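Heads up: the structure comes next, in structure tokens.
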Amino acid sequence: MNPTSPPAPLTSPWRAVALYIALMALGMTAMHHGFGLRYDQPEMTQVLVFVEVGLAGWAWWAARRQPWWPRPVTGRPSARGLAWFAPVGLAVLAAFGAFAAEVVRAAPRLAPEQWRLLAVVGTTTALVGFSEELMFRGVLLRGLGRGGGLFRAMALSAAGFSLLHAVNVLGGAPPAGVAVQLAVTFLVGLCWAPLAVRLGALWPLMVIHWLWDFTLVGLPVLAVAPPVAAALMTPVALLSLPPLWWSLRGERGAALAAP
């Protein structure tokens, strides 16, 4: 073995992702068929919060067994990476700001049960943001990028992230809606993978992932329509794709494996 080559991971990235998706599939099945809830109901988080605790634990365990742990998770983002991150980050912050304004506006009429549900939604989506970014832009992207093949690694990490959302059909989501979600999450994955490379740290993506999901799942608790700002993130991510991928030309996946 070349002494300068990066050490081998102790957990296979694809094996870690397969178990992650299988656990989510079980959680969706239990939520829908065991508790009678559907994927489009914010009440689903009252069941899925326990599933997400397990998924966060698994993602944490798998990531800790990778040779790059922990610098790319908790390190300082690069200034250049933050410049690339700004358009997507600001789009998400605009949507979350509109959601927060709706919460303030609705506060006098919200029942205690609604406040409790919002708290569960916030907790669940925080766990989702942490575990999905750690698994797909951490374990999978960096694992596949070891020794080269950066663009292949980014594309496959986006495909894995998209595949995760196929299990939503087990939670009662209509197949047509899931098909649209698969396409959207693939495009988002194609944008967020190079952002993870550019940033050199995962926590900014974890934060905006949480705020985005909190907004989308929390709005039905307030019984209000999504704000106009909620439509910004996907087109911003799509417009960011070509320049982001172009900016990484000549880069090698070996950089992702640096401990």
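The values are calculated or read from the model by the stated rules, or taken from the named source; none is laboratory data. All of these numbers come straight from a predicted model, not from anything done at the bench. Because the Cβ atoms are built from the backbone with ideal geometry, glycine has one as well, and the counts that use them run over all protein chains shown.
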Could you identify the single residue in G89, G75, G122 that is in contact with a Gly (Cβ under 8 Å, 6 or more places away or on another chain), at pLDDT 95 or above and on the phi < 0 side of the Ramachandran plot?
-> G122
Output the qualifying pairs, or none if there are none: Cβ atoms under 8 angstrom, residues six or more apart or on different chains, first residue in the stretch 210-232 and surrounded by 17 or more Cβ atoms within 10 Å (Cβ to Cβ), second residue among the charged types (D, E, K, R).
-> L219/E102; L222/E102; P227/E102
Which of the residues spanning the stretch 32-75 are among the basic types (K, R) and under 26 Å from A16 (Cα atoms)?
-> R64, R65, R71
Scanning the stretch 42-76 for residues that are closer than 19 Å to G172 by Cβ, over 17 Å from the mean Cα position of the chain (by Cα) and surrounded by 17 or more Cβ atoms within 10 Å (Cβ to Cβ) gives P42, E43, M44, Q46, V47
When you go through V178, V120, V167 one by one, which is the residue that is closer than 24 Å to G54 by Cβ, free of Cβ contacts under 8 Å to residues at least 24 places away in the same chain and either among the hydroxyl-bearing types (S, T, Y) or surrounded by fewer than 23 Cβ atoms within 10 Å (Cβ to Cβ) (or both)?
-> V178
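Select, from G129, G89, the only residue that is out of contact with any Phe, Trp or Tyr (no Cβ under 6 Å at 6 or more places or on another chain) and under 14 Å from W203 (Cα atoms).
G89 is the lone residue from the list that is out of contact with any Phe, Trp or Tyr (no Cβ under 6 Å at 6 or more places or on another chain) and under 14 Å from W203 (Cα atoms).
Before we move on, is A22 in contact with a helix residue (DSSP H, G or I) (Cβ under 7 Å, 6 or more places away or on another chain) and not hydroxyl-bearing (S, T, Y)? Working first, answer last.
Details: in contact with a helix residue (DSSP H, G or I) (Cβ under 7 Å, 6 or more places away or on another chain): no; not hydroxyl-bearing (S, T, Y): yes.
No: the conditions fail for A22.
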Residue satisfying all of: in the stretch 1-39; modelled with pLDDT of 90 or more, in a loop (DSSP other than H, G, I, E, B) and over 22 Å from the mean Cα position of the chain (by Cα); surrounded by the fewest Cβ atoms within 10 Å (Cβ to Cβ) among these | G36
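Yes or no, residue by residue, for (1) modelled with pLDDT under 95; (2) farther than 30 Å from A176 by Cα; (3) out of contact with any Lys or Arg (no Cβ under 6 Å at 6 or more places or on another chain); (4) not aliphatic (A, V, I, L, M):
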site	(1), (2), (3), (4)
A56	no, no, yes, no
A59	no, no, yes, no
L82	no, yes, yes, no
R109	yes, yes, yes, yes
Those residues of the stretch 208-233 which are at pLDDT below 90 and either out of contact with any helix residue (DSSP H, G or I) (no Cβ under 6 Å at 6 or more places or on another chain) or among the acidic types (D, E) (or both) amount to A223, A225, V228, A231
